[in-house]
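What follows is a set of notes on a single structure, which appears directly below.
Each reported figure results from applying straightforward, stated rules to the coordinates on display, with no laboratory input. Worth saying up front: this structure is predicted, and the values here are computed from it rather than measured. Please note: Cβ atoms are built from the backbone with ideal geometry, for glycine as well, and neighbour counts cover all protein chains shown.
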Amino acid sequence: MRTDFPDEGQLVASLVAGDRKAFEMLYRRLNAPMVRMCMGLIRNRATAEEVVQDTWVAVLRSIGGFEGRSSLSGWIFAILVNKARTRAQRDGRTISFDGDGDDDSLSAAFDGRGRWKNMPDLWDEMTAERIIAGRSVMEHVNAAIDALPAAQRSVLILRSQQGMEATEVARVLEISEGNVRVLLHRARLAVRKALDALA
Amino acid sequence: MMSCKEVAEKANAMVDGEVSAWEAMQLKVHLAMCKGCGRFVDQIRTTDELTAAAALDDMMSEADDGRINAILAELNQARHQGG
Ligand SMILES: [Zn+2]
């Protein structure tokens, strides 16, 4: 789902006016990815859900001050990151998005001359609807995302699922664009590896 | 000529349209001759599509009136406290 809202200005105006339907729509679109991202930062489901709920309250309280300098979802995720940081600090931890995870999962795939040791598989039946080992491929993908280190997970959610540009992801997470690219690369390779195990 | 390893390292940037014209040409030349890399790039593309689709799957299952009510109640409370 590459979001951005077709008419963000209208949506913001409805939110400012306290329109419940508008909020429900926004909530449906963003709550699950917010919880998924926050779980990576907080590592406790109940606390993560609490932080996301606090974020929503903060979003609705300050929506009147949203100036559209970033996308609405970029603004919301930035608030989420701040809330998560504050919460982690209170619990004596810090959150950092700088390069986590070790080398990518590909290093062993090549011989000394940089050629494939084994030909990559053809994924001709890897579709979203397919059920493998009792779960849909999408559930497998979500499980793979949940297994990623926090920074990779956050980048994948913002970039591939929310469709944000690398620049905006960098701003939300307060890391460099180069770092966003490295993290996205690693995250995709990790999800690819999980899918390849099903192929 | 690029090695398969180099192509694999560039595959994400290529899928995102973030390679230079020169790199794009080198990749094209390699991919025209190498079945393995062609498959790998397809895998990366599929991975990205399925990752995007997984968010949609999440969205469909999310319809939580209880939580929405709790957020709105908390919002009202915060407003009344005038903070
Ligand atoms: Zn090759």
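Details
- For A:Gly163, the residues whose modelled amide H falls within less than 5 Å of its own, excluding neighbours fewer than 5 places apart on the same chain, are A:Thr3.
- Residues whose placed amide H lies under 5 Å from that of A:Ile132, excluding near-sequence neighbours: A:Val137
- Compared with the dominant Cα axis of chain B, that is its longest principal axis, helix B:4-15 is turned about 40°.
- Over the residues of chain B, the helix contribution to mean residue ellipticity at 222 nm works out to -27000 deg cm²/dmol, using -39500 (n - 2.57) for each DSSP H run of at least 4.
- Alpha-carbon centroid distance for the pair the range A:65-87 / the range B:5-73, whole angstrom: 24 Å
- Cysteines of chain B lacking any other cysteine Cβ under 4.7 Å from their own Cβ: B:Cys4.
- Only the Cβ atoms of Lys and Arg (+1) and of Asp and Glu (-1) were treated as charged; on that basis the dipole of the protein assembly as shown about its Cα centre amounts to roughly 380 debye.
- For chain B, the longest principal axis of the Cα atoms and the long axis of helix B:65-80 meet at an angle of about 60 degrees.
- The amide H of A:Phe110, built 1.01 Å from its N in the peptide plane, has A:Lys117 as neighbours under 5 Å, considering only residues 5 or more places off or on other chains.
- Student exercise, chain B dipole from Lys, Arg, Asp, Glu Cβ charges, in Debye to nearest 20: 380 debye
- In summary, the helical segments of chain A meeting the span-like criteria, namely a full DSSP H run, a Cα extent along the axis of 18 angstrom or more and a mean Kyte-Doolittle hydropathy of at least -0.5, are A:20-42, A:45-62, A:72-90, A:177-196.
- Rg/Rg_ref, the range A:106-198, where Rg_ref = 2.2 N^0.38 Å and atoms are Cα: 1.23
- Across chain A, the longest run free of exposed loop sites, meaning GluC sites (Glu not before Pro) lying outside DSSP classes H, G, I, E and B with no more than 11 other Cβ atoms within 10 Å, spans A:130-199.
- Helix content alone sets the calculated 222 nm mean residue ellipticity of chain A: runs of n ≥ 4 DSSP H residues at -39500 (n - 2.57) each, divided across all residues, give -18500 deg cm²/dmol.
- Convex hull volume of the range A:1-148 per residue (C-alpha atoms, cubic angstrom): 189 Å³
- Folded to 0 to 90 degrees: helix B:21-33 orientation relative to chain B principal axis, Cα: 70 degrees
- In the protein assembly as shown, the inverse of the mean reciprocal separation of distinct Cα atoms equals 20.2 Å; this is its Kirkwood hydrodynamic radius.
- Overall form of the range B:4-82 per C-alpha gyration tensor (a/c, 1.5; a/b vs b/c): prolate
- B:Ile44, A:Ile132 arranged by Cβ crowding within 10 Å, fewest neighbours leading: A:Ile132, B:Ile44
- Applying both filters, DSSP loop and at most 16 other Cβ atoms within 10 Å, to the trypsin sites (Lys or Arg not before Pro) of the range A:45-125 gives A:Arg69, A:Arg93, A:Arg113, A:Arg115, A:Lys117.
- Projected area, mean over directions - the range A:39-111, Cα convex hull, nm²: 7.3 nm²
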